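The values are calculated or read from the model by the stated rules, or taken from the named source; none is laboratory data. Keep in mind it's a predicted model, so treat the numbers as computed, not measured. Cβ placement follows ideal geometry from the backbone for every residue including glycine, while neighbour counts extend to all protein chains displayed.
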């Protein structure tokens, strides 16, 4: 399992979450809600847990 931290605007984070979920080799376990970064109201962070899809 990989734990990924992403940072960016809300639109960037939403785009990346959609990209992860569409990827054929990745199974998304969880994606957190965005948290505001300290010192800015433009940039946020979110956390994702992903695994490689098993061949069946």
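Among the candidates 42, 54, the residue that is modelled with pLDDT of 95 or more and surrounded by fewer than 12 Cβ atoms within 10 Å (Cβ to Cβ) is uniquely 42.
Taking first residues from region 7-24 that are touching a residue at least 40 places away in the same chain (Cβ under 8 Å) and partners that are in a loop (DSSP other than H, G, I, E, B), no Cβ contact under 6 Å between residues at least 6 apart in sequence or on separate chains turns up.
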